[in-house]
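Chemist: Encoded as C-alpha cells, here's the structure I'll be asking about.
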Amino acid sequence: MNFDDTPQEAEFRSQARAWIAANAPKQYEDELRKSSLGRTQLKNANILEVAKAWQKKKAEAGWACLHWPRDYGGRGSSPIERVIWQQEEGPFGKLSGMFIIGHGMCGPTMMAFAREEHKRNYLPPLASGEKVWCQLFSEPAGGSDVAGLRTRAEKDGDEWVINGQKIWTSGAHYSDYGILLTRTDPNVAKHKGLTMFFLDMKSPGVEVRPIKQANGASDFNEVYFTNVRIPDHQRLGEVNDGWNVSLTTLMNERMSIGAGVSTGFPELFDYCASLMLDDGPAIEDRAVRSKLANWAVKASGLRYTSMRAISALSKGERPGPENSIGKLVAGAMIQDVATYALDLQGAAGVVSGPEDADVAGRFQAMLLRAPGTRVEGGTDEIMRNIIAERVLGLPGDIRVDKDVPFNKIPTKGGN
Amino acid sequence: MNFDFSDDQKQLRDQARKFLTEKCSPKAVRVVLDGKTPYDKELWKGLAEMGFLGVAIPEDFGGAGAGHLELCVIAEEMGRANAPVPFSSTVYLAAEALLIAGRDAQKKKWLPAIASGEAIGTLALFEGKGNPSPKNVKLAAAGGVLNGVKKPVADGAIADFAVVAARTGSVGRDSDISLFLVDLKASGVEVKNLANLDPTRGQAEITFNNCKAEPLGAAGEGWSILTQVLDRAAVLSAFEQVGGADRALEMGRDYALDRIAFGRQIGSFQAVKHMLADMYVSATLARSNSYYGAWALSTNASELPEAAAAARISATQAFQHCAKNNIQVHGGMGFTWEFDCHMYYRRANAMALGLGSLSYWEDQLIDRMRKKNAA
C-alpha cells in the first residue's frame, strides 16, 4: 500500500512536468480548467485545431498514446506512467476528448486484428492526432442490443459492399477513419453473423449527418452507407467473427480506466465554498454539508477504485467488468450534482447563458449533458446487469432471441 | 504507487478468514446474541494465541509489531465473521490511545495484557445523546478522582480498564479536556449493562464516584489525542464494516441463486439483480475509500483526518445498505430470528453510531476538506 512514486516513476513525473510546462498551450489553461461536462469549448479558438496541435506536439516528443508500442506511435509506458501523465497534464488533458475513441478503442482493435502493414500505416497518424477515428457500432433499432445491428456487408470479389445506417457515432463529422461492425450472415443467430472492418470515412457512399442533442450541441451523428465499398484486406478478424472482435474493442474501453471520470463534485464543492445563501455561506449549512459529504465519498471512492484497478493492471491482471462502476456511479451523480447546484441558486438557477448565469452556466450545461452520460456506452441498467452477471455470477436476462436466426427475430421501432 | 495489500498481508487475511470460519460460525455468534455469555471467551483467547490482538502493538510491548495494514486486514475478517468479542473497543480505541499518549509504564502495564487477551479495554467518551465534542464532556476530574456518568460505553461491562475523557477546566473548550486511565475493577466504579441494538457487543453505563484515575497524556491535550484515536478507529472500523458489507452481499447473492420463485431463480429477475449490483457498488466504493484510509493510517500521512472521515462515511453507508438489502433479497425469511441476516443488520446499525453518527462524520469531512483547500 504505497502512494509514493518509485524513483523511476518520480523521474518520469519530473520529465513529464518539465516538458508540459515548456510546451502546453497555456493561453487556454484557465478556460479548460473551468470547463466541465457539457461545456468544453474555447471562446476564441477552434478546439479541434488546438487539440490536434497539442496532440501532434506530444507525438513528436514521444508523449502520445503512452501505453501503445513505440512502433505504432506510442511510448510503451506502464499503466502507472499513464496515470502520472494524466495527473501532470491536468486541464490540458481535456483536449484529448476527441481522440478517446480512436486511442482507446479503434487503435487497440487495429493492433489486435489488422495486418502489420496497416498497423504501421494507420496507427502512428492516429496516435499523433493527425487522423481522427470513430467507432460505428450502434444502430437505430439496436440501442443496448448492439448485436441486433442490420447494416449489411456483402462480398463482391475482393471487396465488400456496405448498406445500412449507424447512429450515435461520436465525432463522425470530423473523423477520417472508422471501425465498422456489419452483418454478413442474417441466417444464423445474431452474434454469429457479424464481421468487423475499418474504412475511410471519405469513401463514396458514406454520408454523415450530425444529430442535434437535447443540450443543443451536436457531438453525435447518424452515418448512412449506400453501396460503400471496402477492400477485403481492411477486414478485422475472420468473417462472421465480428462479435469477438468487438468484445476486444469493448474490453479495451475498460483499459481506458484512470482517465478520471467527471463527477461534478469538485465543481460543486468550489461553488458551495463561495456561495452565499440567505442564512450565510452554503458550506456552513448543515444540509448542504451532508449532501457534499455524500458526494465527496462517492468521488473519492471512484478515484481510489480506479487506482486499485491500475495497480492490478500493472501487476499484469486484466481489467475486469468491475470497472463498470465508474460510469454507473459518475453518470447519475453528475446529474444529481447539477440539479442540486441549481436548487441552491433558487429562481436564478434557471438562467443558463454563460454571461448571465452563476459560474458561467456550467451547472446548467452539466444538467443538460448528463442524461447522455447515463446512456452512452451502455445504460445504467446495462451496467448493473454487467455487474450482476459477470461480477456476482447471477443468471443472465432471459433472451427470447437466443439461438434464433437473425432474420427470424421480430423487430419493431427503435429511435 | 501500489494500491493494494501485499502478498504477505493477503496471506494473513486468508489465515484470519480460515480461523474465524472455524471458530466463529453464526451458531457461535448466536450464543452471545441469545445472552448466554457477554462475549465469546474462547474466541477471544484464540485470537490472542493467533497474535491478532497485538498485531499492531510493538514487540517491546508484547505485540507482533506488524503494523496497521495488518490490523486492517484482520479487522475486515472480524467484520465478515460478525465476531462477538470486544475487539474494536480494546484494539482500536484503548490500545491506540495508549500507543499515542501512554507513558512507558502505562504501555508496559496494559499493552502486553491486551495482546495476550488478559485485559479488555474501552473508551468512555459519551454521556448520553450527542456526538464527540468537548462540550458534551461533563464528567469532572479534580484532585486525581473522577465523578460523573458515561454512557453508552462499548463493552463497558466486561472491560478491565477504560480510557476516560474528563473535564479538567470549567469551560467546554478543547483545552479543558484531559484523558485518564481507570482500572474498572477499582472502587468507586459502578457498571450497569444496557440493552442495545447489537447484543453481540455490549453497551454499559459506568458511574464514577470519587474514583481514582491516572492521567493519560498531558493535561489539556485530551481532545487532540481523542481526535487522533477516533480517526484511527474510524479507519479500522471501516474495514470491519467493509467485511460485514461484503458478507451481507454474499449472503444475498447466494440466496438469490438458491431461491426459486415463479419458476426461476429470483436472482434472474432484473429488480433483484440490480439491487445486488447496487450493493456491490456501495461495498466497492467503501473498500476503496478504506484502502486510502489504511494507507494514510499506516504512513501517518497528513491526509489521515480527511481519509478517515471519508472511509468512515463510505463504509457506514455501505454496511447499512448491504445489510438492509440482504434482508430484502431474502424476503420474509430474512426477517426471521432464525436466519442470520438480522445479525448483520444489527451490527451495521450499531457500528454506524459507535464513533459518532454519520452526520457527525459528514460534518468532520467537510471541515477537513475546507482546511485542506485553504492550506
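Chemist: Of a type in the set (Val, Ile, Thr) and without any contact (Cβ under 8 Å) to a residue 60 or more places away in the chain: which single residue out of A:Val206, A:Val188, A:Val223 fits that description? Step through it out loud before you land on a result.
Modeler: Values: A:Val188 fails: without any contact (Cβ under 8 Å) to a residue 60 or more places away in the chain; A:Val223 fails: without any contact (Cβ under 8 Å) to a residue 60 or more places away in the chain.
Selected residue: A:Val206, the only one of A:Val206, A:Val188, A:Val223 that is of a type in the set (Val, Ile, Thr) and without any contact (Cβ under 8 Å) to a residue 60 or more places away in the chain.
Chemist: If you check every pair at least six apart or on different chains, which have Cβ atoms under 6 Å apart with a residue in the stretch A:387-401 that is more than 15 Å from B:Arg253 (Cβ to Cβ) first and a residue that is at pLDDT below 90 second?
Modeler: A:Asp401/A:Ile409
Chemist: Sticking with this one: Conditions: (1) under 30 Å from A:Pro7 (Cα atoms); (2) of a type outside the set (Lys, Arg); (3) in contact with a Gly (Cβ under 9 Å, 6 or more places away or on another chain). B:Val73 meets all but one. Number of the miss?
Modeler: So B:Val73 meets the others, but not (3).
Chemist: Checking the condition more than 8 Å from chain B (Cβ to nearest Cβ) and either surrounded by 23 or more Cβ atoms within 10 Å (Cβ to Cβ) or small (Gly, Ala, Ser) (or both), which residue from A:Ser311, A:Ser352, A:Ser290 passes?
Modeler: Residue meeting the stated conditions: A:Ser352.
Chemist: OK, next. Quick one: which residue in B:Val31, B:Val91, B:Val73 is over 20 Å from the mean Cα position of the chain (by Cα) and part of a helix (DSSP H, G or I)? Give the steps one after another, and end with the answer.
Modeler: On the way: B:Val91 fails: over 20 Å from the mean Cα position of the chain (by Cα); B:Val73 fails: over 20 Å from the mean Cα position of the chain (by Cα).
On inspection, the qualifying residue turns out to be B:Val31.
Chemist: Which of the residues that make up the stretch A:381-401 are under 16 Å from A:Gly142 (Cα atoms) and touching a Lys or Arg at 6+ places or on another chain (Cβ under 8 Å)?
Modeler: The answer is A:Asp401, and nothing else.
Chemist: I've got another one for you. Applying the selection to the stretch B:327-341, what residues are in a helix (DSSP H, G or I) and either touching a Ser or Thr at 6+ places or on another chain (Cβ under 9 Å) or away from every other protein chain (no Cβ under 13 Å) (or both)?
Modeler: Result: B:Ile327, B:Gln328, B:His330, B:Gly331, B:Gly332, B:Met333, B:Gly334, B:Phe335, B:Cys341.
Chemist: On to the next question. Exactly one of these conditions fails for A:Gly280: (1) over 22 Å from the mean Cα position of the chain (by Cα); (2) touching a residue at least 12 places away in the same chain (Cβ under 8 Å). Give me its number.
Modeler: It fails just one condition, (2).
Chemist: Go through the stretch B:323-375 and give me each residue that's surrounded by fewer than 18 Cβ atoms within 10 Å (Cβ to Cβ), of a type in the set (Gly, Ala, Ser) and under 24 Å from B:Ala75 (Cα atoms).
Modeler: Within the stretch B:323-375, B:Ser357, B:Ser359 meet the criteria.
Chemist: If only one of B:Ala248, B:Ala286, B:Ala234 is buried (at least 24 other Cβ atoms within 10 Å of the Cβ), among the small types (Gly, Ala, Ser) and within 18 Å of B:Met343 (Cα to Cα), which one is it? Give the derivation first.
Modeler: Details: B:Ala286 fails: within 18 Å of B:Met343 (Cα to Cα); B:Ala234 fails: within 18 Å of B:Met343 (Cα to Cα).
Result: B:Ala248 is the single residue among B:Ala248, B:Ala286, B:Ala234 that is buried (at least 24 other Cβ atoms within 10 Å of the Cβ), among the small types (Gly, Ala, Ser) and within 18 Å of B:Met343 (Cα to Cα).
Chemist: Do any residues in the stretch A:308-329 that are charged (D, E, K, R) have Cβ atoms under 6 Å from those of residues that are buried (at least 21 other Cβ atoms within 10 Å of the Cβ) and not in a helix (DSSP H, G or I), where the two are at least six apart or on different chains, and which pairs are they?
Modeler: Short answer, once both residue conditions are applied: A:Arg308/B:Phe3.
Chemist: Of the conditions (1) more than 11 Å from every other protein chain (Cβ to nearest Cβ); (2) out of contact with any Pro (no Cβ under 6 Å at 6 or more places or on another chain); (3) at pLDDT 95 or above, B:Asn289 satisfies every one except a single condition; which number is it?
Modeler: Of the numbered conditions (1) more than 11 Å from every other protein chain (Cβ to nearest Cβ); (2) out of contact with any Pro (no Cβ under 6 Å at 6 or more places or on another chain); (3) at pLDDT 95 or above, the odd one out for B:Asn289 is (1).
Chemist: Does any residue of the stretch A:387-409 turn out to be surrounded by 15 or more Cβ atoms within 10 Å (Cβ to Cβ), within 14 Å of chain B (Cβ to nearest Cβ), over 15 Å from the mean Cα position of the chain (by Cα) and under 28 Å from A:Pro186 (Cβ atoms)?
Modeler: Yes, the conditions are met somewhere in the stretch A:387-409.
Chemist: Just one of B:Leu276, B:Leu257, B:Leu249 is within 12 Å of chain A (Cβ to nearest Cβ), part of a helix (DSSP H, G or I), over 31 Å from the mean Cα position of the chain (by Cα) and at negative phi; which is it?
Modeler: Of B:Leu276, B:Leu257, B:Leu249, the one residue that is within 12 Å of chain A (Cβ to nearest Cβ), part of a helix (DSSP H, G or I), over 31 Å from the mean Cα position of the chain (by Cα) and at negative phi is B:Leu257.
Chemist: Here's another thing I want to ask about it. Give the residues of the stretch A:78-110 that are of a type in the set (Ser, Thr, Tyr) and within 14 Å of another protein chain (Cβ to nearest Cβ), sorted by residue number.
Modeler: Hit for the stretch A:78-110 is A:Ser78, nothing else.
Chemist: To continue, here is another question. Filter the strands (runs of 3 or more DSSP E) completely within the stretch A:125-176 down to those with at least 3 residues that are crowded, with 23+ Cβ neighbours inside 10 Å. Working first, answer last.
Modeler: Values: elements: A:133-136, A:152-156, A:159-167.
In the stretch A:125-176, the matching strands (runs of 3 or more DSSP E) lie at A:133-136, A:159-167.
Chemist: Still on this structure, please answer the following. Considering each of B:Ala310, B:Ala283 in turn, give the residue that is within 14 Å of A:Gly301 (Cα to Cα), touching a residue at least 24 places away in the same chain (Cβ under 8 Å) and facing chain A (nearest Cβ under 7 Å). Reasoning before the result, please.
Modeler: On the way: B:Ala283 fails: facing chain A (nearest Cβ under 7 Å).
Residue meeting the stated conditions: B:Ala310.
Chemist: State the number of residues belonging to the stretch A:268-287 that are within 19 Å of A:Ala330 (Cα to Cα) and either within 11 Å of chain B (Cβ to nearest Cβ) or at pLDDT below 95 (or both). Please lay out each step first, then the result.
Modeler: Step one: filter the stretch A:268-287 for residues within 19 Å of A:Ala330 (Cα to Cα), giving A:268-271.
With the extra rule that they be either within 11 Å of chain B (Cβ to nearest Cβ) or at pLDDT below 95 (or both), the set shrinks to A:269-270.
Going through the stretch A:268-287 one residue at a time, the tally reaches 2.
Chemist: Okay, moving on. Across the stretch A:356-387, what is the number of residues that are aliphatic (A, V, I, L, M) and not in a helix (DSSP H, G or I)?
Modeler: Of the residues in that region, 2 qualify.
Chemist: Answer yes if at least one residue in the stretch B:238-246 is over 30 Å from B:Lys150 (Cα atoms), out of contact with any Leu (no Cβ under 8 Å at 6 or more places or on another chain) and within 11 Å of another protein chain (Cβ to nearest Cβ), and no otherwise.
Modeler: Checked the stretch B:238-246: no residue is over 30 Å from B:Lys150 (Cα atoms), out of contact with any Leu (no Cβ under 8 Å at 6 or more places or on another chain) and within 11 Å of another protein chain (Cβ to nearest Cβ).
Chemist: In addition: Looking at this structure, is B:Phe61 at pLDDT below 95 and in contact with a Lys or Arg (Cβ under 6 Å, 6 or more places away or on another chain)?
Modeler: No.
Chemist: Could I ask something else about it? Could you check the stretch B:32-55 and list, in sequence order, the residues that are surrounded by 15 or more Cβ atoms within 10 Å (Cβ to Cβ), of a type outside the set (Asp, Glu) and either over 13 Å from B:Ser116 (Cα atoms) or within 14 Å of chain A (Cβ to nearest Cβ) (or both)?
Modeler: Residues satisfying the conditions are B:Val32, B:Leu33, B:Pro38, B:Tyr39.
Chemist: Could you please find all residues in the stretch B:1-25 being surrounded by 14 or more Cβ atoms within 10 Å (Cβ to Cβ), in a helix (DSSP H, G or I) and away from chain A (no Cβ under 14 Å)?
Modeler: The answer is B:Gln15, B:Ala16, B:Arg17, B:Phe19, B:Leu20, B:Lys23.
Chemist: Could you tell me whether the stretch A:1-15 includes any residue that is acidic (Asp, Glu) and outside any helix (DSSP H, G or I)?
Modeler: Yes, that holds for at least one residue.
Chemist: Follow-up. Would you say B:Ala64 is over 15 Å from the mean Cα position of the chain (by Cα) and part of a loop (DSSP other than H, G, I, E, B)?
Modeler: Yes, satisfied.
The values are calculated or read from the model by the stated rules, or taken from the named source; none is laboratory data. All of these numbers come straight from a predicted model, not from anything done at the bench. Virtual Cβ from ideal backbone geometry, glycine too; neighbours counted across all protein chains shown.
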